[in-house]
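First up is the structure itself, then whatever we jot down about it.
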2 protein chains.
Amino acid sequence: MAPQREAPVLLDLTIDNITPNTNRINAQCDDPRLRYLMSRLVTHLHDFARETRLSTDEWMAALNFLVGCGQISSDVRHEFILLSDILGLSLLIDSINHPKPPLSTEGSVLGPFHTHDAPVMPSGGDMSSDPEGEPLLCICTVKDTHGKPIQGVQIDIWETDSSGHYDVQHEGRDEKGPSERCVMESDANGRFWFKGIKPVSYPIPHDGPVGKLLERLGRHCWRPAHLHFMFRKEGLDNLITALYLRGDPYETSDAVFGVKKSLVIHLDKVDKATAEQYDAKEGAWLLKHDFVLVTQEDADRLRDQNATKALEKLGLRMKLVDHLPIPDVD
Amino acid sequence: MAPQREAPVLLDLTIDNITPNTNRINAQCDDPRLRYLMSRLVTHLHDFARETRLSTDEWMAALNFLVGCGQISSDVRHEFILLSDILGLSLLIDSINHPKPPLSTEGSVLGPFHTHDAPVMPSGGDMSSDPEGEPLLCICTVKDTHGKPIQGVQIDIWETDSSGHYDVQHEGRDEKGPSERCVMESDANGRFWFKGIKPVSYPIPHDGPVGKLLERLGRHCWRPAHLHFMFRKEGLDNLITALYLRGDPYETSDAVFGVKKSLVIHLDKVDKATAEQYDAKEGAWLLKHDFVLVTQEDADRLRDQNATKALEKLGLRMKLVDHLPIPDVD
């Protein structure tokens, strides 16, 4: 549909004509991508209300729920990411935007606890200050899809303490500073290694609106034990992922849908030779993992292919601009 | 679909299987209405992301927009009602829930400025304390669809001051108390009359996220001059409506889609006889209007009929419980 610059006459709007009229007035927007997003958003929102005959009380409860999500959010808590997580949207967005060719490391949900203030740490450092945690040594590599080590990848790593809380969930975090999180860089052999603690399963924050929703849905709020990783380097597609401990009671019922079989790993124990080589405690937990990253170019190509195929299947006549679809009006 | 109590195995979720799996785990919910609402919400949300191939940046911008809406909201400002208003959702919800048989007064949007602390005022009172406003005398009746006056209807009335702001938009409102709003009751002849000021067109609050969205959409943020009314009485369907002044520059482009032709009225001038009868100023503006209310029973019946028809047209097999559809699983 060509952008319509002439404003529609907005009078006597009804259940049936409100949607085209809202879309017509939004079609005054100059940005074709925003125009498309708004037209799909309004259509879905209105269809939802029509299909459910949403009552005034339900509508108001929903709007108040959204206010509550905004008001409990802060610099260190994002209730809307949490909401997106438990509705499966976050997993979907990651899957759309970071398609993985065979043999590359799969993605997982970012979650609401990544921060931008984690300390840079050389390989061998210990990112945990929790004496209650069970020591864990992680020895990892980053390679490309041809098996070639990648140097200079920036890796954000974060996990909870032994009580199942991220540092930002504790009072006084401003004074104490970050803990159980760090930023590392892969060396010439694509390697990085660090000390942390064995991850534990934990409930997502459930003292807010999202927790109450889960309760009303009869769902638990637990995530299986995991370590978060984020990989970034110019020319590579960002990889946001996590490694999950095999045998966790929530392995197949993650509240935020993040677990993939290829990301479920087994912990070993550090033997004497490894302990000496890495200055670690013999008998501590050992995690060894090879991450495989995709180039930006390959990811873009795959994403474009997937988008084109999916949109054709939906019968939509679209073109991709900056890898994002907008209606093809030619 | 019968409620599924057995939790699905949530592993290896993808663009294609995340939706049925999210719906399956939400199907553990005991409440059939909430189950239905969630299943339609999740489906529309995911379809929206798939159709638009929503980017990670767009997703995060949307989540931050929602946080912003929550954080600017307060006891006297509800940014999510405003958002619902400018997306046409509020008008749609009102149309679904308060269908109007022929000859009854049509509804309009509630807006975010109704409060619950307006003073009760006897007929003849003046609800405005704004010396800059042009005096207005309103003489109204409330009748049923057979033309019979209705006594004892509670009527909330609210409007802006002459600067186009509701009392709650001014600093110090807590100390000064309500202004340009009141609650009245219809007398034995269904009448109520009051003094206010001539409404003016005004911009909806545009210093927040919703205002910025309107700007990006190339839309103005103005509402045509109007007076809000809400009618309530046991046994009657609540009527939320507004009267709009004919000839307002925004008459056909209301930012929140509220105008209906039947609600656009003409102002007269108070003549000498009327001035004496109502203790009003000769030459002041005069608004005369007869409101026609629908019984709860008639409204319920009409709403159920509309719902049944609409759901059949959508090919959905539903039953109505408490006038709200849920899947018919028999």
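Has region B:31-51 got at least one residue that is facing chain A (nearest Cβ under 7 Å) and either over 27 Å from A:ARG219 (Cα atoms) or small (Gly, Ala, Ser) (or both)? Yes, that holds for at least one residue. Would you confirm, using the coordinates I've provided, whether B:LEU54 is within 8 Å of chain A (Cβ to nearest Cβ), buried (at least 17 other Cβ atoms within 10 Å of the Cβ) and touching a Ser or Thr at 6+ places or on another chain (Cβ under 9 Å)? No; evaluated as a whole, the condition is false for this residue.
A quick yes/no check of all residues on (1) of a type outside the set (A, V, I, L, M, F, W, C); (2) assigned to a strand (DSSP E or B); (3) in contact (Cβ under 8 Å) with a residue 60 or more places away in the chain:
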site: A:SER108; (1), (2), (3): yes, no, yes
site: A:PHE113; (1), (2), (3): no, no, yes
site: A:SER128; (1), (2), (3): yes, no, yes
site: A:GLY133; (1), (2), (3): yes, no, yes
site: A:ILE157; (1), (2), (3): no, yes, yes
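What about B:GLY147, is it open to solvent by less than 60 Å² (accessible area, probe 1.4 Å), under 18 Å from B:ASP237 (Cβ atoms) and assigned to a loop (DSSP other than H, G, I, E, B)? Step through it out loud before you land on a result.
Numbers: open to solvent by less than 60 Å² (accessible area, probe 1.4 Å): yes; under 18 Å from B:ASP237 (Cβ atoms): yes; assigned to a loop (DSSP other than H, G, I, E, B): yes.
Yes.
Checking the structure you have, find out if any residue of region A:191-204 is more than 12 Å from every other protein chain (Cβ to nearest Cβ), surrounded by fewer than 18 Cβ atoms within 10 Å (Cβ to Cβ), in contact with a Lys or Arg (Cβ under 7 Å, 6 or more places away or on another chain) and in a strand (DSSP E or B). The answer is no; no qualifying residue exists. Count, please, the residues in region A:66-106 that happen to be open to solvent by 30 Å² or more (accessible area, probe 1.4 Å), of a type outside the set (Ser, Thr, Tyr) and over 24 Å from B:LEU54 (Cα atoms). Qualifying residue count, region A:66-106: 5. Of the residues that make up region A:135-144, is at least one part of a loop (DSSP other than H, G, I, E, B) and at negative phi? There is no residue in region A:135-144 that is part of a loop (DSSP other than H, G, I, E, B) and at negative phi.
Right, A:ARG40: basic (Lys, Arg), open to solvent by less than 30 Å² (accessible area, probe 1.4 Å) and in the same structural domain as A:THR14 (by TED's automatic domain parsing) or not? No; evaluated as a whole, the condition is false for this residue. Of the set (1) more than 30 Å from the chain's Cα centre (by Cα); (2) modelled with pLDDT of 95 or more, all apply to A:GLN71 but (1). Within the span defined as region B:110-127, one or more residues are within 10 Å of chain A (Cβ to nearest Cβ) and open to solvent by 30 Å² or more (accessible area, probe 1.4 Å).
Kindly indicate the residue of region A:51-104 that is of a type in the set (Ser, Thr, Tyr), free of Cβ contacts under 8 Å to residues at least 60 places away in the same chain and part of a helix (DSSP H, G or I) and also farthest from B:HIS46 (Cα to Cα) among those meeting that condition.
Filtering region A:51-104 down to residues of a type in the set (Ser, Thr, Tyr) leaves A:52, A:55-56, A:73-74, A:84, A:90, A:95, A:104.
With the extra rule that they be free of Cβ contacts under 8 Å to residues at least 60 places away in the same chain, the set shrinks to A:52, A:55-56, A:73-74, A:84, A:95.
Adding the requirement that they be part of a helix (DSSP H, G or I) leaves A:52, A:56, A:84, A:95.
Details: A:THR52: 17, A:THR56: 24, A:SER84: 10, A:SER95: 12 Å.
Only one residue fits best here, namely A:THR56.
Determine whether region A:232-248 contains at least one residue that is touching a Lys or Arg at 6+ places or on another chain (Cβ under 6 Å), over 27 Å from A:PHE80 (Cβ atoms) and touching a residue at least 40 places away in the same chain (Cβ under 8 Å). There is no residue in region A:232-248 that is touching a Lys or Arg at 6+ places or on another chain (Cβ under 6 Å), over 27 Å from A:PHE80 (Cβ atoms) and touching a residue at least 40 places away in the same chain (Cβ under 8 Å).
So which residues in region A:205-224 are outside any loop (DSSP other than H, G, I, E, B) and open to solvent by less than 20 Å² (accessible area, probe 1.4 Å), if there are any at all? Give the steps one after another, and end with the answer.
Initial filter on region A:205-224 (outside any loop (DSSP other than H, G, I, E, B)): A:209-216, A:222-223.
Within region A:205-224, A:VAL210, A:GLY211, A:LEU214, A:ARG223 qualify.
Look at B:PRO8 and say whether it is modelled with pLDDT under 95 and either under 19 Å from A:ILE93 (Cβ atoms) or more than 7 Å from chain A (Cβ to nearest Cβ) (or both). Spelling it out, B:PRO8 is indeed modelled with pLDDT under 95 and either under 19 Å from A:ILE93 (Cβ atoms) or more than 7 Å from chain A (Cβ to nearest Cβ) (or both).
Being open to solvent by 40 Å² or more (accessible area, probe 1.4 Å) and within 15 Å of A:GLY125 (Cα to Cα) is a condition met by at least one residue of region A:165-181.
Of all residue pairs spaced 6 or more apart or on separate chains, those with beta-carbon atoms under 7 Å, a first member in region B:17-44 that is closer than 19 Å to A:LYS212 by Cβ and a second member that is part of a loop (DSSP other than H, G, I, E, B) and charged (D, E, K, R) are B:ILE25/A:ARG219; B:GLN28/A:ARG219; B:GLN28/B:ARG5.
Among strands (runs of 3 or more DSSP E) lying entirely in region A:285-330, which contain 1 or more residues that are more than 14 Å from chain B (Cβ to nearest Cβ), open to solvent by less than 30 Å² (accessible area, probe 1.4 Å) and under 30 Å from A:LEU243 (Cα atoms)?
On the way: elements: A:285-293, A:318-321, A:324-327.
Here the list reads A:285-293.
Selection over region B:234-270 of residues that are more than 29 Å from A:VAL9 (Cα to Cα) and surrounded by fewer than 12 Cβ atoms within 10 Å (Cβ to Cβ) gives a count of 2.
The values are calculated or read from the model by the stated rules, or taken from the named source; none is laboratory data. Because the structure is a prediction, the values reported are computed rather than measured. Positions of Cβ are backbone-derived with ideal geometry, glycine not excepted, and every protein chain shown enters the neighbour counts. Areas reflect the complete protein model, heavy atoms only, side chains present, ligands, DNA and RNA absent. Shrake-Rupley method; radii C 1.70, N 1.55, O 1.52, S 1.80 Å.
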